[in-house]
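Structure first, then comments.
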Amino acid sequence: MSDAPKHQLKIENLHVSVGDKPILRGVNLTMGHGQTHALMGPNGSGKSTLGLAIMGHPGYEVTDGSILLDGEDVLEMEPNERARAGLFMAFQRPVAIPGVKMADFLRHATTNVRRPDRKEGEDLIPMREFRKELKDKMQHLRMDVEFARRYVNDGFSGGEMKRAEILQLAMLQPKFAILDETDSGLDADAVRLASESIADIGGREKMGLLIITHHDKLLEHNPPEFTHVMLGGRIVETGGKELAEELHRSGYDRIRTAYPEAEARNQEMLNEETAV
Amino acid sequence: MATDVTASERDQIGEINKYNFRTETTGVFKAQKGINKEVVNQISDIKNEPDWMRKFRLDALEIFEQRPMPKWGGAIDLDFQDIYYYLKPTDHQGRTWDDVPDEIKDTFDKLGIPEAEKKFLAGVKAQFESEVIYGSLQEDLSKKGVLFTDTDSAVREHPELLREYFGTVIPPADNKFAALNSAVWSGGSFIYVPKGVHIEFPLQAYFRINAESMGQFERTLIIVDEGASVHYVEGCTAPMYTTESLHSAVVEVIVKRNARCRYTTIQNWANNIYNLVTKRAYAYGDATMEWVDGNLGSKLTMKYPAVHMMEPGARGEILSIAFSSEGQHQDAGAKLVHSAPNTTGQIISKSISKNGGRSSYRGLVKVDPGAHQSKNNVVCDALILDPESRSDTYPYIEVGEQDVQIGHEASVSRIGEEQMFYLLSRGLSESEASTMIVNGFIEPLVKELPMEYAVEMNRLIQLQMEGSVG
């Protein structure tokens, strides 16, 4: 055990609306230093919403509750301050930014996250130092160096997008990372590689991981200390690794039956989603 | 001469900081304010011109006086009698920077011109107010017969060559501002590249307006003879004053058979400058003419570089970037005229509007009868950074043949909330993020620039973007 500070992400009674529609209705979740949590649940239950609210997406309005990172009020922070404070989300469908090279984008991001007090216009991480580190991390992720010269997510295949998100995770070394279906859209080999990479990065950096997934591979390599099941905008059950295994094996029927009110809300939200 | 600026004005002009300095100069001659026959005659006298040029000027003055102001484009609120049309800053042109008066040399030092010249240019002209005050050309190029001089000197030293082409591509009657330039023109570059000569490094001219209420009317004429090639680059800046100044240039380019010319402009005018410029090239058989045009700053820019493809196989390409901010209107675009069969034209235009700025793309594609099998493609993309800003597209297409390929794509986008959030969520500040998105937007054009200019372009965009997001 080292004497490094122990980090904690604490979410209490979080209510989040999109437009006028309430999505999250009182989520409680506390993550300790370096812990891995699985966040599971059927489509439309609010898993991505939780992640986006933690990162401060402007379309997701927190109407009640709190998010504290090491005791600091995250809700008072802009998204970039949250990133600099040590929060990260690997997005399910990251947006393309044409004309902006991965390397250029990552050099700004890495500099800002490592030097949270950096004023605009101050020097970036020296090019040589940055290139070396980027190259090392890309080799580790078995990515072609050519990748750094491509435009951010522009024309990326599904697998490339996910690997680009993992590369950012590796470079930014957050205290807590939310991985939103980082294993979806990948073939079996790619899922294994992604899972191993995340385990490696998370393990080395003692990162807290909140893993949103529908598959078991990612959790095999990153066995969760806790599994949370979300339904209708709330966490209805929390267990250990065995809960994730049960859901992979048997699906959500037991959960849906056990929590009829939450299930009804979940159906409602799904219907609204498809109506949009 | 420098006018005091208030703190709020200083804030407003902070964006063009690097260029916003004024040089105290005495000047050797300043014509009276306003325009009339007397002023035009005076300019011709000072330059000791041949009669044909004096007549050319006086005829042009008549045309200028008769022509109404253009009714399209932007609002021009200029009092033509409240402008100085001619200001001679020094008695002679320097062949080395040491020959240039200190205060003027200092201006160009600050703009980085002598340094750039040492590093990567084959020749330089520097114009301060009305006159070219410095000129150089690599020795091996002059041995090959390349001419690179200011246009006034060319009238004296190469009268036959100059007269053969002068005013043939853009006659004074072309438009009101071409007529004005023809009447009071001074300075500008004259380039002749002999048959088969390739100039590897760019030739550069730098145009600096320093005085208040000044009009700068340079006149550039480039002749690229058969099989030859040249890349000409011009930069333009001016400091901020409280009253408007006018820049109204005429640029004529002749690209002969199998020759190639690229003309790159990066202008960053202060936002009280009216920039009303006529640029046109004639491209002959299998010749290529490219305009790369970066328009930042100015109060109003109206500029539509044109290529007339005169003979089969000619190519015309125009890449244009316009960036408009508060109080600025960029009415920029391009014209391609296919006057012969198998000619190919392309326009790529990118505009960015922020803080209430207005950018317009105005373009003409014309295929004359007989220009069979010609191809033309236009892509224009606009990026709008906030709800106060505006973008318009005015494409004019006239096609006189059936068997031609004409393409036109236009897009208008706003910086997406998702793109912004993505970059912010990785720790970038709002202005870093929007600068990055904007630089990404113009990247397809910037990568066409020589490296040094690409760096400068990105830096200019950054200056424009700083503090732009609340």
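The values are calculated or read from the model by the stated rules, or taken from the named source; none is laboratory data. This one's a predicted model, so the numbers in the text were calculated from it and none came from an experiment. Positions of Cβ are backbone-derived with ideal geometry, glycine not excepted, and every protein chain shown enters the neighbour counts.
Things worth noting here:
- Subset of the range B:447-463 (residues that are without any contact (Cβ under 8 Å) to a residue 60 or more places away in the chain and within 12 Å of chain A (Cβ to nearest Cβ)): B:Lys447, B:Asn458, B:Arg459, B:Gln462
- Which listed residue is in contact with a strand residue (DSSP E or B) (Cβ under 7 Å, 6 or more places away or on another chain), under 25 Å from A:Phe156 (Cα atoms) and among the polar types (S, T, N, Q), from A:Thr63, A:Thr30, A:Thr111, A:Thr49: A:Thr49
- Members of the range B:364-388 found to be closer than 29 Å to B:Ile437 by Cβ and under 24 Å from the mean Cα position of the chain (by Cα), listed by number: B:Asn377, B:Val378, B:Val379, B:Cys380, B:Asp381, B:Ala382, B:Leu383, B:Ile384
- Of the residues A:Leu39, A:Leu75, A:Leu52, the single one that is of a type in the set (A, V, I, L, M), in contact (Cβ under 8 Å) with a residue 60 or more places away in the chain and not in a loop (DSSP other than H, G, I, E, B) is A:Leu39.
- Screening A:Leu134 with (1) more than 12 Å from chain B (Cβ to nearest Cβ); (2) buried (at least 22 other Cβ atoms within 10 Å of the Cβ); (3) over 18 Å from the mean Cα position of the chain (by Cα); (4) in contact (Cβ under 8 Å) with a residue 60 or more places away in the chain gives one miss only, at (4).
- Among all residues of the range B:351-367, there is none that is in a loop (DSSP other than H, G, I, E, B), among the aliphatic types (A, V, I, L, M) and either out of contact with any helix residue (DSSP H, G or I) (no Cβ under 9 Å at 6 or more places or on another chain) or closer than 30 Å to A:Arg82 by Cα (or both).
- A:Val74 being aliphatic (A, V, I, L, M), on the phi < 0 side of the Ramachandran plot, away from every other protein chain (no Cβ under 12 Å) and in contact with a strand residue (DSSP E or B) (Cβ under 6 Å, 6 or more places away or on another chain): yes
- Answer residue from the range B:417-432, given it is modelled with pLDDT under 95 and within 7 Å of chain A (Cβ to nearest Cβ) and is nearest to A:Val152 (Cα to Cα) among those: B:Gln419
- The residue list B:Glu317, B:Glu290, B:Glu311 contains one member that is surrounded by fewer than 22 Cβ atoms within 10 Å (Cβ to Cβ) and part of a strand (DSSP E or B), which is B:Glu317.
- From the list A:Thr111, A:Thr63, the lone residue that is in contact with a Ser or Thr (Cβ under 6 Å, 6 or more places away or on another chain), of a type in the set (Val, Ile, Thr) and surrounded by fewer than 21 Cβ atoms within 10 Å (Cβ to Cβ) is A:Thr63.
- Qualifying positions in the range A:238-255 - out of contact with any Leu (no Cβ under 6 Å at 6 or more places or on another chain) and closer than 17 Å to A:Met31 by Cβ: A:Thr238, A:Gly239, A:Gly240, A:Lys241, A:Leu243
- The selection criterion, being at the interface with another protein chain (Cβ under 8 Å from one of its Cβ atoms), part of a loop (DSSP other than H, G, I, E, B) and under 28 Å from A:Asp183 (Cβ atoms), holds for A:Val95.
- At least 2 residues being modelled with pLDDT under 95 and of a type outside the set (Ser, Thr, Tyr) is the threshold, and among the strands (runs of 3 or more DSSP E) wholly inside the range B:194-262 those reaching it are B:203-208, B:229-237, B:245-247.
- Scan of the range B:178-193 for residues that are under 27 Å from B:Thr23 (Cβ atoms), assigned to a helix (DSSP H, G or I) and not aliphatic (A, V, I, L, M), ordered by number: B:Asn181
- Within the range A:98-120, the set of residues being more than 8 Å from chain B (Cβ to nearest Cβ) and either over 24 Å from the mean Cα position of the chain (by Cα) or of a type in the set (D, E, K, R) (or both) comprises A:Lys101, A:Arg107, A:Arg114, A:Arg115, A:Asp117, A:Arg118, A:Lys119.
- Here B:Thr149, B:Thr90, B:Thr107 are screened, and the one residue that is assigned to a helix (DSSP H, G or I) and out of contact with any helix residue (DSSP H, G or I) (no Cβ under 6 Å at 6 or more places or on another chain) is B:Thr107.
- The range B:263-282, residues that are in a loop (DSSP other than H, G, I, E, B) and out of contact with any helix residue (DSSP H, G or I) (no Cβ under 8 Å at 6 or more places or on another chain): B:Asn272
- Among the conditions (1) under 12 Å from B:Leu424 (Cβ atoms); (2) surrounded by 15 or more Cβ atoms within 10 Å (Cβ to Cβ), the only one that A:Glu78 does not satisfy is (2).
- Yes/no for B:Leu61 being hydrophobic (A, V, I, L, M, F, W, C), touching an Asp or Glu at 6+ places or on another chain (Cβ under 8 Å) and assigned by TED's automatic domain parsing to the domain that holds B:Glu139: no
- Only a single criterion out of (1) more than 17 Å from the chain's Cα centre (by Cα); (2) within 14 Å of chain B (Cβ to nearest Cβ); (3) of a type in the set (Val, Ile, Thr) is not satisfied by A:Ile54, namely (1).
- Restricting attention to the range B:162-195 and to residues that are among the aliphatic types (A, V, I, L, M) and touching a Phe, Trp or Tyr at 6+ places or on another chain (Cβ under 6 Å), the residue that is surrounded by the fewest Cβ atoms within 10 Å (Cβ to Cβ) turns out to be B:Val169.
- Failed item in (1) surrounded by fewer than 17 Cβ atoms within 10 Å (Cβ to Cβ); (2) touching a Lys or Arg at 6+ places or on another chain (Cβ under 7 Å), with A:Met102 passing the rest: (1)
- Within the range B:113-146, tally of residues that are touching a residue at least 40 places away in the same chain (Cβ under 8 Å), part of a helix (DSSP H, G or I) and among the charged types (D, E, K, R): 2
- Residue within the range B:154-166 that is modelled with pLDDT of 95 or more and in a strand (DSSP E or B) present: no
- Against the test of being within 14 Å of another protein chain (Cβ to nearest Cβ), part of a strand (DSSP E or B), of a type outside the set (Gly, Ala, Ser) and out of contact with any Pro (no Cβ under 8 Å at 6 or more places or on another chain), the options A:Met31, A:Met89 yield a single qualifying residue, A:Met89.
- Residue, farthest from B:Ser245 (Cα to Cα), within the range B:21-35, restricted to residues that are out of contact with any helix residue (DSSP H, G or I) (no Cβ under 8 Å at 6 or more places or on another chain) and surrounded by 13 or more Cβ atoms within 10 Å (Cβ to Cβ): B:Val28
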